[in-house]
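Here's the structure, in structure tokens; my notes come after.
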Amino acid sequence: MKKVNSKASKARNPKELANFSLGQTKTDYTFNYNPKLLEAFDNKNPKKVAWTSLVCTEFTSLCPKTGQPDFAKIFINYIAGDKMVESKSLKLYLFSFRNHGDFHEDCIQTICDDLVKLMKPNYIEVIGEFTPRGGIAIFPFASYAAPIQDFQEIYVERLVAYAPGKYSTDLNKLY
């Protein structure tokens, strides 16, 4: 009698990921904001509560007034529900902000809103650590929690306790 490997039973069906950007031989980069670039895959463990953190160290967008480039590190921390974001699609999506003119706070809120729409996570927070321009560094924070008490409590706790560097980079390591 063959022994069943429990890990093999969780293997992804290749057809499930066939249409994803990941693995394509040619990558098309979009220079204008495009939320349709985001792709999600099924969370194999939707009943588990686990954090996923993603860091983009090379985010750029444009100042809506001057057109000058703004640079940032973007931190995305989330507790998945039934879906998770595919990382290459996230990279392409974040790259699509390259010629997008918006204030720092609006970029971060847009990213949070687009990921909520895509994944319907239990909890998500998006933090931007923008490089100072004019002597001012701006660190916007946007978050969302599903209407479930445990996740609403995380939302309130982290929102009240938020400070630059608390859920992202220790400010001593920033520059």
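The values are calculated or read from the model by the stated rules, or taken from the named source; none is laboratory data. Given the structure is predicted, the values throughout are model-derived calculations rather than measurements. Note that each Cβ is placed from the backbone with ideal geometry, even for glycine, and that neighbours are counted across all protein chains shown.
Summary of computed values
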quantity	calculated
Filtered residues of region 89-108 (kept if assigned to a helix (DSSP H, G or I) and more than 11 Å from the chain's Cα centre (by Cα))	LEU92, PHE95, HIS104, GLU105, ASP106, CYS107
Search result, residues across region 109-130 that are among the hydrophobic types (A, V, I, L, M, F, W, C) and either in contact with a helix residue (DSSP H, G or I) (Cβ under 9 Å, 6 or more places away or on another chain) or in a strand (DSSP E or B) (or both)	ILE111, LEU115, LEU118, ILE124, VAL126, ILE127, PHE130
Residue match in region 55-75 (condition: over 22 Å from ASP102 (Cα atoms), in contact with a strand residue (DSSP E or B) (Cβ under 7 Å, 6 or more places away or on another chain) and of a type outside the set (A, V, I, L, M, F, W, C))	no
Failed item, numbered, when ARG158 is tested on (1) farther than 19 Å from VAL55 by Cα; (2) assigned to a helix (DSSP H, G or I)	(1)
Residue match in region 136-144 (condition: surrounded by 18 or more Cβ atoms within 10 Å (Cβ to Cβ) and part of a loop (DSSP other than H, G, I, E, B))	yes
When residues of region 55-78 are limited to those that are over 14 Å from PHE130 (Cβ atoms) and at pLDDT 95 or above, the one nearest to the chain's Cα centre (by Cα)	ILE76
